[in-house]
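Notes follow the structure.
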Amino acid sequence: TEQHKEGPRDCAMAMLRSLLVLLGCVAAANAFAPAGLPLTGRAGSRRALSVNMGKSVAQKKEILENIEKRLETSTLIFSTHMNKITVKDITALRTTLPEGSNAVCVKNTLMKKVTAGTPWEVCKDLASESNLWFFVDEDVKGTIKSFKDWKKAVNKKEQEIKGGVLEGAVYDAKGIEAIGELPSKQELYAMIAGSIKAVPSKLAGTLKECPT
């Protein structure tokens with residue numbers, strides 16, 4: 001039988017398929033990246049913020065404003081129980097967190113008040129007992145990894161993530177840990193960059209196969 005030869009139409013279809021592969025990579029990156037993820041880094045503050053009893057009205061107002069600012073730039077928040085951790089433990093944890101991530105002790109009443117009417121309002125389901133809240137700007141994967149490494153370092157292996165909020169939805173501990181396994185923004189960019197670099201080579205190879 002006569003061997004099939006590729007014509008101009010076949011070459012065009014091959015090039016189209018290569019472009020669709022690239023578009024698919026970009027779409028996959030958007031699917032992994034939560035909506036509203038900042039495109040540029042922000043110099044995160046690790047300044048300790050503790051919300052305790054006996055604060056004046058002015059101090060509480062300042063605390064609320066600080067929490068509001070953290071929420072405005074946060075991609076994810078999650079909490080852990082404070083029953084068995086000390087101030088020394090929390091200080092050690094804060095020093096290991098990635099830039100833009102913060103661990104903050106917030107009273108439940110204040111957390112419910114500052115999140116009321118916002119996508120973070122669902123965190124009220126987690127606002128019981130004493131909580132240490134994590135406000136994560138960009139590096140979700142790095143922050144959750146830092147928490148796990150800290151547990152081992154201070155011998156608090158029983159210290160677990162209580163739950164968290166992402167894009168207006170509440171996730172349990174397993175859900176937050178699963179989110180922490182997703183590729184980071186930097187990893188996604190590297191994947192996309194690699195795919196873009198591969199396209200010219202694939203197109204060149206396709207064009208060489210086209211009959212002249």
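Bear in mind these aren't lab numbers, they're just calculated from the coordinates by the rules spelled out. This structure is a prediction, so every number in the text was calculated from the model and none was measured. Backbone-built Cβ (ideal geometry, glycine too); neighbour counts: all protein chains shown.
A few notes on this one:
- Compared with the direct C-alpha span, the chain from Val122 to Asn155 gains 8.8 nm at full extension, assuming 0.36 nm per residue.
- Relative to the current alpha-carbon distance between Glu68 and Ala178, full extension at 0.36 nm per residue lengthens the span by 37.0 nm.
- log₁₀ of I(q)/I(0) at q = 0.14, 0.20, 0.24, 0.30 Å⁻¹ - the range 72-129, Debye sum with one point per alpha carbon: -0.45, -0.88, -1.13, -1.32
- Net charge of the neighbourhood of His81, taken over other residues with C-beta under 10 Å away and scored Lys/Arg +1, Asp/Glu -1, is -1.
- Positive dipole terminus of the range 70-173, leading residue within Ser74, Leu110, Ala169 (C-beta point charges): Leu110
- Neighbour net charge for Trp150 - beta-carbon separation under 9 angstrom, K R +1, D E -1: +2
- Two-site label geometry, His81 and Glu129: point separation in nm, points 7 Å out along Cα→Cβ: 0.3
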